Amino acid sequence: MEKVILQISSNTQVGKDVYLMRLEGDLSSIKNPGEFVEVKLDKYYLRRPISVCDYSSTHLSLLYKVLGRGTKDMSSLEVGTMLDVIVNLGNGFDTSLSQNPLLIAGGIGIAPMIGLAKEFNSKGIKPTLIYGAAKKEDIVLLNELNKISNVIICTDDGSLGYKGNTVSYLKEHKLNYDKYYACGPQIMLKYLALFDTNGYVSLEARMGCGFGACMGCSIETTNGPKRVCKEGPVFEASEVIF
């Protein structure tokens with residue numbers, strides 16, 4: 001965990017209510033894809049927890065959806081604005097556990113999959129990615145995703161790709177993989193874990209502090225209560241009690 005001051009170099013809309021913010025500064029403490037950060041915004045007491053989308057030692061990209069007043073205000077922040085950000089939070093994904101990974105994303109859960117796919121790319125692996133959304137208009141950054149992964153699109157209304165959700169696609173198509181890495185709505189993760197426990201899920205939760213002190217994001221697991229912000233957000237699919 002480290003607090004840094006970062007400068008916004010871009011903050012652009014990339015989809016319906018979805019924005020991609022790029023921040024510059026010392027990001028050397030971020031170690032794994034799937035970690036998250038806590039962004040301090042003026043007028044708000046609590047920081048905003050947001051998944052790391054992409055990162056290097058000098059830049060950080062955050063893909064976020066406008067869902068409330070805080071993210072609405074974030075979307076209007078201008079280039080050059082300085083932000084107080086706590087980085088290197090959470091455990092992230094362990095890419096050493098798979099040689100033939102399957103990435104699964106639902107909605108804004110696509111955010112950490114970009115950094116994860118690039119980490120696999122650095123090992124000479126181009127992973128398969130199943131990306132689900134309600135409709136075509138909700139799919140974002142498809143050109144970027146096609147460069148770093150073999151993308152399978154699923155939409156609930158069939159307006160793009162397979163008609164149905166990601167778990168339905170998995171049930172109907174036999175895919176070859178040794179582990180999966182997933183992020184998305186809890187209902188998706190629940191049914192994914194029921195279908196196959198051989199993977200890892202990244203959870204979302206309401207967080208008070210973001211570093212394990214308040215216990216506000218505790219979940220039930222087969223190994224007792226755990227905090228999403230501290231022991232997670234990535235857990236083995238087999239241990240989470242949904």
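The values are calculated or read from the model by the stated rules, or taken from the named source; none is laboratory data. Everything quoted here is computed from the prediction, not taken from an experiment. For neighbour counting, all protein chains shown are included, and Cβ atoms are generated from backbone atoms with ideal geometry for every residue, glycine included. Calculation scope for accessible area: heavy atoms of the full protein, side chains included, ligands and nucleic acids excluded. Shrake-Rupley method; radii C 1.70, N 1.55, O 1.52, S 1.80 Å.
Looking only at Gly109, Gly161, Gly132, which one moves most when the chain is put into a Gaussian network model with springs between Cα atoms under 10 Å?
It is Gly161.
Where a ≥ b ≥ c are the square roots of the eigenvalues of the C-alpha gyration tensor, would you call segment 1-143 rounded, which needs a/c under 1.5, or, failing that, prolate if a/b is larger than b/c, or oblate?
It is oblate, given that a/c is not under 1.5 and a/b is not larger than b/c.
Sum -39500 (n - 2.57) across every DSSP H segment of at least 4 residues in the chain, then divide by the residue count to get the 222 nm mean residue ellipticity, nearest 500.
-5000 deg cm²/dmol
Taking the Cα-to-Cβ direction at Gln186 and at Leu77 and moving 7 Å from each Cα, how far apart do the two end points lie in nm?
In this crude spin-label approximation the distance works out to 2.7 nm.
Over segment 25-111, average the accessible area per residue using a 1.4 Å probe and give it in Å², no decimals.
Here the residues of segment 25-111 average 42 Å² of exposed surface.
If I model a spin label as a point 7 Å beyond the Cα along the Cα-Cβ vector, how far apart are those points for Ser96 and Leu175 in nm?
2.5 nm
How large is ³J(HN,Hα) for each residue in segment 140-156, as worked out from phi by the Karplus curve 6.51 cos²θ - 1.76 cosθ + 1.60 (θ = phi - 60°), to whole Hz, x for Gly and Pro?
Karplus values, whole Hz, x for Gly and Pro: 10, 6, 5, 4, 5, 5, 5, 6, 10, 7, 8, 8, 10, 9, 10, 10, 4.
So what is the accessible area of segment 112-216 per residue, in Å², with the probe set to 1.4 Å?
Accessible area per residue, segment 112-216: 49 Å².
Provide the per-residue ³J(HN,Hα) series for segment 30-39, in order, calculated from phi with Karplus coefficients 6.51, -1.76, 1.60 and θ = phi - 60°, each as a whole number of Hz, with x at glycine and proline positions.
Those phi angles translate into 6, 10, 9, x, x, 5, 9, 10, 10, 9 Hz.
Stretch Cys214-Ser10 to full length: gain in nm at 0.36 nm per residue minus the Cα-Cα span?
70.2 nm
Which pairs, out of Lys31/Lys171; Lys135/Lys171; Lys163/Lys190; Lys72/Lys190; Lys136/Lys226; Lys43/Lys65, put more than 24 Å between their alpha-carbon atoms?
The pairs that break the limit, which is 24 Å between Cα atoms, are Lys31/Lys171; Lys72/Lys190; Lys136/Lys226.
Which residue fluctuates the most in the chain, going by a Gaussian network model with Cα springs under 10 Å, if the choices are Tyr162, Tyr55, Tyr200?
Judging by the Gaussian network model, the answer is Tyr162.
For segment 54-193, which whole percent of the accessible surface, found with a 1.4 angstrom probe, sits on carbon and sulfur atoms?
49 percent
Which three lengths, in whole Å and largest first, does the chain cover when its Cα atoms are put on their principal axes?
48, 41, 34
Relative contact order for segment 114-167: what is it in percent, counting Cα pairs under 8 Å that are at least 6 residues apart?
34 percent
Determine the distance separating the Cα centre of segment 17-40 from the Cα centre of segment 165-242; give it in Å without decimals.
21 Å
If you average the sequence gap of Cα pairs under 8 Å that are 6 or more apart and divide by the length of segment 1-130, what percent do you get for the contact order?
30 percent
Before anything else, pin down the relative contact order of segment 172-242: Cα pairs under 8 Å, at least 6 apart, normalised by residue count, whole percent.
The value is 30 percent.
What nm distance separates the two modelled labels at Asp156 and Ala205, each placed 7 Å from Cα along Cα→Cβ?
It is 2.6 nm.
Run through segment 141-237 and list the trypsin sites (Lys or Arg not before Pro) located in a DSSP loop whose Cβ has at most 14 other Cβ atoms within 10 Å.
Taking segment 141-237 and a limit of 14 other Cβ atoms within 10 Å, the loop trypsin sites (Lys or Arg not before Pro) found are Lys174, Arg206.
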